[in-house]
Amino acid sequence: MNFLIAKNNYYDKFGGIFVPEILMPALQQLIADWKYYRRSAAFKAQFKKSLSEFAGRPTPLTEIPRFAEAVKGPRIFLKREDLLHTGAHKINNALGQCLLAKLSGKKRVIAETGAGQHGVATAAACAHLGLPCEVYMGAVDMQRQALNVQRMTLFGAKVISVNNGTQTLKDAVNEALRDWSASFEETYYCLGSALGPHPYPEMVASFQAVIGKETKAQCLKQLGGLPHQVVACIGGGSNAIGIFSAFIDQPSVELIGVEAGGKGNKPGEHAARFFADDVGVLHGCYTYLLQNADGQIMPTHSISAGLDYPAIGPQHAALFAAKRATYVAANDQEALAALKLLAETEGILCALESAHAVAHVMKIAHELPKENIVIINLSGRGDKDLGTIIEKS
Ligand SMILES: *Cc1c(COP(=O)(O)O)cnc(C)c1O
């Protein structure tokens, strides 16, 4: 079974295109464009050039021996997506999609953003490629993330304040979709994770697959073999599917996704979708999600905004169902402790999202055979989280 390329829009029984009729023409056009450009030599060459000359690829694979000693573990390495331009792996996806927008002749890019990270990456990619960019953002989120609003504005993007509903991410998604359904002939909708209706999960996973390809080549060259465990945090699932992609067909490599355990196990206190073991449709896609008995989407909580989402990408749902990957959770306190230990022992300040993957390794490290090689995908840097870190310490 292919966990990266959809078969008739699905991965096993997950994924699909669950959208209102009015959005079907936009998605059909996107499917056709993606089908064409994914094989285009011009697209591939330009994407590669932007990734290396603008985003800063390849990112290093860094061994963290003092951290490994502190947790009594085997050899541990970090894939350093935190060193990318704009501070996280999100730029890989934004560059891929905005380049697709440009080559397919779109005149304008729209996106939605919650904490602002995807908005910043999209605004930077658009400036780099010379495309106008408009980002929908809830009014409440704009207040909470004022610095990211400034960043997007400096990159020449227009940030549109959404004043409906709870004035947060899901209301911003609705506004962006409304815009797109009326404007898709000249507008590209840049989605931020390996989520949503087909072909988005397939496209985003393909743009993030560069993480896995590099990691595998670096492992073979630096270590002379494959890793034993690959660990990544999971919000929508894009950084995880990116690094997993190169190892899915190597059964000896254990793949571990780490969700947000939040502040407790009760509904509303976490964002651990597999913990609830429930499926349904959200934002165009059939997958594991957090809902109540009436099918209403549950509120979620995580110390890290990037993991605070009620649904998970369909490729991870399929990997879970096939038992090819394992999914666990780390809670707020564990993530904070992991962030601090990594900073102290190695001089690396990671994002609170990435700290969930580090936290899981902290928990299991002492049980692993000493000859193991563990790789953690360090999805982003922690500068954006300093306020939260100081407040919670
Ligand atoms: C957005 C974000 C995530 C979560 O998104 P995925 O699509 O699951 O990768 C993780 N880490 C960082 C640093 C982020 O900014």
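Summary of computed values
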read-out	value
Condition broken by V162, with the remaining ones in (1) crowded, with 24+ Cβ neighbours inside 10 Å; (2) free of Cβ contacts under 8 Å to residues at least 60 places away in the same chain; (3) within 16 Å of the ligand (Cβ to nearest atom) satisfied	(3)
Residue within segment 293-303 that is farther than 21 Å from N174 by Cα and surrounded by fewer than 16 Cβ atoms within 10 Å (Cβ to Cβ) present	yes
Out of V162, V204, V173, sole residue that is within 22 Å of F14 (Cβ to Cβ) and in contact with a strand residue (DSSP E or B) (Cβ under 6 Å, 6 or more places away or on another chain)	V173
Residues satisfying the stated conditions in segment 13-37, i.e. in contact with a helix residue (DSSP H, G or I) (Cβ under 7 Å, 6 or more places away or on another chain) and crowded, with 17+ Cβ neighbours inside 10 Å	F14, G15, I17, V19, L23, A26, D33, W34, Y37
Any chance L177 is in contact with a helix residue (DSSP H, G or I) (Cβ under 6 Å, 6 or more places away or on another chain), in contact (Cβ under 8 Å) with a residue 40 or more places away in the chain and not assigned by TED's automatic domain parsing to the domain that holds L307	no
Test: residue in segment 196-208 that is in a helix (DSSP H, G or I), among the polar types (S, T, N, Q) and within 16 Å of the ligand (Cβ to nearest atom)	yes
Test: residue in segment 281-292 that is free of Cβ contacts under 8 Å to residues at least 24 places away in the same chain and touching a Ser or Thr at 6+ places or on another chain (Cβ under 9 Å)	yes
Number of the exception - A260 against (1) aliphatic (A, V, I, L, M); (2) touching a strand residue (DSSP E or B) at 6+ places or on another chain (Cβ under 8 Å); (3) over 21 Å from M362 (Cα atoms)	(3)
Residue within segment 54-70 that is farther than 30 Å from Q229 by Cβ and of a type in the set (A, V, I, L, M) present	no
K216 vs. criteria without any contact (Cβ under 8 Å) to a residue 60 or more places away in the chain and farther than 18 Å from W34 by Cα	yes
Criterion: among the hydrophobic types (A, V, I, L, M, F, W, C), assigned to a strand (DSSP E or B), touching a helix residue (DSSP H, G or I) at 6+ places or on another chain (Cβ under 7 Å) and over 23 Å from A176 (Cβ atoms) - qualifying residue of A260, A355, A359, A338	A260
Residue match in segment 245-258 (condition: more than 18 Å from E202 (Cβ to Cβ) and free of Cβ contacts under 8 Å to residues at least 24 places away in the same chain)	yes
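The values are calculated or read from the model by the stated rules, or taken from the named source; none is laboratory data. Just so it is clear, the model here is predicted, and its values are computed rather than measured. Positions of Cβ are backbone-derived with ideal geometry, glycine not excepted, and every protein chain shown enters the neighbour counts.
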